[in-house]
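Read the structure below first, then the notes.
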Amino acid sequence: SIDAVDMAAKSLVDPGRFDFNLAMQPDLERYAVRITPENVSFVSKRDEEIRFAGMEESIVPVSAGQDLIDLLMDHEARQSEAQNIAAAFRSNFGISELADGQRLRIAFAPSPDDLERMRPERVSLYRETDHLATVARSDSGGYVRAMEPSTFLADAFAEADRVSYGGPTPAIYDSIYQTALEQDMPEEIIDDLVRMFSFDVDFNARVQPGDAIELFFTEGDENNGPKILYAALNTGNTKREFYRFRTPDDGVTDFYDASGQSAKKFLIRKPLNGGVFRSGFGMRRHPIHGYTKMHRGVDWAASRGTPIMAAGNGTVIKAGWSSGYGRRIELRHTNGYTTTYNHMSGFGNGIQEGVRVTQGQIIGYVGSTGLSTGPHLHYEVLVNSRYVDPMRIKLPKGRTLDGEMRTAFEEERYRVDTLLERARKPSRIAAIN
């Protein structure tokens, strides 16, 4: 009923809170480092400037009562490092408690024993914009009194009361997923949201200023789970918006844009839920052999056993061991398309050569078989036997509504738009960031 659907107004998303500029970026990102400075002793102001040149930094707002050690551990520091930093602030500056209005400024570099982890090299404390104290890692590995940073990130400090500042903007996938989690959205809503845009959005692309997301969904009840009625995603100069609609002729529920074009594409770009993008398509240094070679697919790191879905309808043409690929599945689709799924820990029930599969069907599970440095999915797309970038290839479209189907869809779209306008005036919107 209309009243039941209108309950969705209590769980709306404010697109303005998804606006990421260079001074407003999520804590979850992993800061890229342009230069890895050698760890040298402090000899002069010039030497110290050279040492920290090019490091990525985070500016973290502080609230009264927050524990410095916990805050540092939330920002990449190990417990021992956080304890040493806190001890250095206490012994050198008499600072043992944090206060409202203060900010931590943390400079990061890769940890020598784990290059995937960024560790704090220098930590400064400011009250508003006034410098209070700075400590930095010494040659011995401890933290000692250091000079105030020579540069001041004015724009970042101006916005740091809202969200911490970092280097590169986060990936679209990370931003969407983290935002949804922070809003306590139901897991099925998050999965639908990601799946809806997975056909056409390069989730590894970086969020840009002006990017925004808007979501309208029912809360659900004991009989029916929550359902997305409308979703819109702005990335760059492209706006994608979709409406939920069940086609009466076949009873299938899908999402369609304003012109009646299905959100579905021929293939899914990211055939698993969750996972972290690790390596793109193109030339790269092989992580095991060490030499440079062509990386013919994309890698998604995920925990062992994560389900892998068929990217599209097709036929299994291989399901077995394939040298360095480990357990590998190859699917043949129409129009000369082939997809491959590699390093699996095991195959889905009934998956063997000659079996037909449907888009979204679980065909296997993430593993680390073959030549692999850890559990991940290596996913490839071939067109007429030529490898292409799965994240950038232009994919054939799904169903387009016409005739009576289009008329029925327009009625549903008008109904949802009316509910949206009612919900926006006055705004009853949950935050998103």
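Quick note: the coordinates plus some simple rules give every number you see, no bench work behind them. Owing to the predicted nature of the structure, the values given are computational and were not obtained by experimental measurement. Because the Cβ atoms are built from the backbone with ideal geometry, glycine has one as well, and the counts that use them run over all protein chains shown.
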- Query: Taking the Cβ-Cβ separation of residue 114 and residue 318 as r and a Förster radius of 41 Å, what is the calculated FRET efficiency to the nearest 0.05?
  - Reply: 0.70
- Query: Applying the Karplus parametrisation 6.51 cos²θ - 1.76 cosθ + 1.60 with θ = phi - 60° to the phi angles of region 313-325, what ³J(HN,Hα) value in whole Hz is obtained for each residue in order, glycine and proline being reported as x?
  - Reply: 4, x, 10, 6, 9, 8, 8, x, 7, 9, 6, x, 6
- In region 97-152, the GluC sites (Glu not before Pro) that sit in a DSSP loop and have at most 12 other Cβ atoms within 10 Å of their own Cβ are 97, 128
- Query: Which net charge results for the neighbourhood of residue 220, defined as the other residues with beta-carbon distances under 10 angstrom from its beta-carbon, given Lys and Arg at +1 and Asp and Glu at -1?
  - Reply: -3
- Query: Using θ = phi - 60° and the Karplus form 6.51 cos²θ - 1.76 cosθ + 1.60, what ³J(HN,Hα) does each residue of region 403-414 get, whole Hz, x for Gly and Pro?
  - Reply: x, 5, 4, 5, 4, 5, 5, 4, 5, 5, 4, 4
- Residues whose built amide H sits under 5 Å from the amide H of residue 346, excluding neighbours closer than 5 in sequence, are 365
- What nm value, rounded to one decimal, do you get for the distance between residue 383 and residue 335 when each label is placed 7 Å out toward the C-beta? 0.9
- Rank 396, 348, 418 by how far each Cα sits towards the positive end of the charge dipole of region 316-433 (+1 on Lys, Arg Cβ; -1 on Asp, Glu Cβ) and give me just the farthest. 418
- Fully extended, how many nm does the chain gain between residue 240 and residue 257 (0.36 nm per residue separation, minus their Cα-Cα distance)? 5.4 nm
- Karplus-derived 3J(HN,Hα) from phi for region 128-145 (6.51 cos²θ - 1.76 cosθ + 1.60, θ = phi - 60°), whole Hz, x at Gly and Pro, runs 6, 10, 8, 6, 10, 6, 9, 10, 8, 5, 9, 4, 7, x, x, 10, 10, 4
- Item | Cross-link table 270/394; 270/397; 227/394; 239/264; 318/397; 239/394, entries beyond 20 Å C-alpha to C-alpha | 227/394; 318/397
- Query: How long, wide and thick is region 276-388, going by the Cα atoms along their three principal axes, in whole angstroms, largest first?
  - Reply: 38, 30, 24
- Message: Please give me, ordered by residue number, the GluC sites (Glu not before Pro) of region 218-280 that lie in loop per DSSP and have at most 16 other Cβ atoms within 10 Å.
- Response: 222
- Note on the structure: Quick calc: nm separation of the 7 Å Cα→Cβ label points for residue 92 and residue 187 -> 4.5
